[in-house]
1. Once the Cβ-Cβ distance between residue 87 and residue 41 is put in as r, and R0 is 30 Å, what FRET efficiency do you end up with, to the nearest 0.05?
2. Once label points are set 7 Å from the Cα along Cα→Cβ at both residue 18 and residue 97, what is their separation, rounded to one decimal in nm?
3. Note down the magnitude of the dipole of the stretch 15-138 about its Cα centre, charges +1 on Lys and Arg C-beta and -1 on Asp and Glu C-beta and zero elsewhere, to the nearest 20 debye.
4. Dipole magnitude of the chain about its Cα centre, charges +1 at Lys/Arg Cβ and -1 at Asp/Glu Cβ only, in debye to the nearest 20?
5. Hey, got the Cα dimensions of the chain along the principal axes, in Å, largest first?
6. Quote to one decimal, in nm, the extra length available between residue 203 and residue 154 on full extension: 0.36 nm per residue of separation minus the C-alpha distance between them.
7. Can you put 43, 96 in order of Cβ neighbours within 10 angstrom, beginning with the fewest?
8. When N is the residue count of the stretch 85-206, what does its C-alpha Rg come to as a fraction of 2.2 N^0.38 Å?
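Every read-out reported here was derived from the displayed coordinates using simple, explicitly stated rules and does not represent laboratory data. This is a predicted model, so every value here is computed, not measured. Here the Cβ positions follow ideal geometry from the backbone for every residue, glycine too, while neighbour counts run over all protein chains shown.
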Amino acid sequence: MSNDLMKTGTTTLAIKCKDGLVLAADKRATAGNFIANKKVKKVFAVTKHLVLTMAGTVSDAQLMTKLFRAELQLKTYRTKRTPNMRESANLLAGMVYSNIRKMSLIPGISHFLIAGEDVEGFHVYDLYPDGSLTEIDDFVSSGSGSVMAYGVLETLYKTDLTVEEGVKLALQSVNAALQRDSASGNGIDVVTITKTGIKRVIEKELELVL
């Protein structure tokens, strides 16, 4: 892949808590070794009940997110009901599968974490760049800083974690990546999903993390 492509780096994560979900990401985009953007949003509310994080090639990840939102709206209109989380995750998985396998000089690489609520409860899915889909029972991280984030998550995660505790754990995990991963940095976004809805609880820009 060309070093001139803008990539999200990155560090994203999702944590399943007993009363909801927590998603977080850094804010840096890179083009090779160059920091191309310091204010990238990588956590998006797609519907009133579904949030995703993105990593990979920025153009592909952004376009796939827009197409995914449109396809969900069309599916809701046609079926006259809101797709559940499994249906939604499989829809995006199929789109990613098709995207990575199309003929192109630039490989379309995107890695999504999908989280949300439906009638069956809260769900987190890891949607890998090849289109494979896995439901997550505890936590998951993606991107170049995920190794550092996993170190914190593996050590501190508990099955009875509250959303409030999950937010603190998400901050610790992303911060660990900011300290060591050059492709992650410049800030942290944290979004929660609870029975009361989706809320962006932290949106912080950092010029320097010490």
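1. The value I calculate is 0.75.
2. Spacing of the two 7 Å Cα→Cβ label points: 3.7 nm.
3. Dipole about the Cα centre, nearest 20: 660 debye.
4. My answer is approximately 740 debye.
5. Ordered largest first, the chain gives principal extents of 50, 46, 24 Å.
6. Stretched fully, the residue 203-residue 154 segment lengthens by 15.2 nm.
7. Taking fewest neighbouring Cβ atoms as first place, the list is 43, 96.
8. Working it through for the stretch 85-206, the quotient is 1.14.
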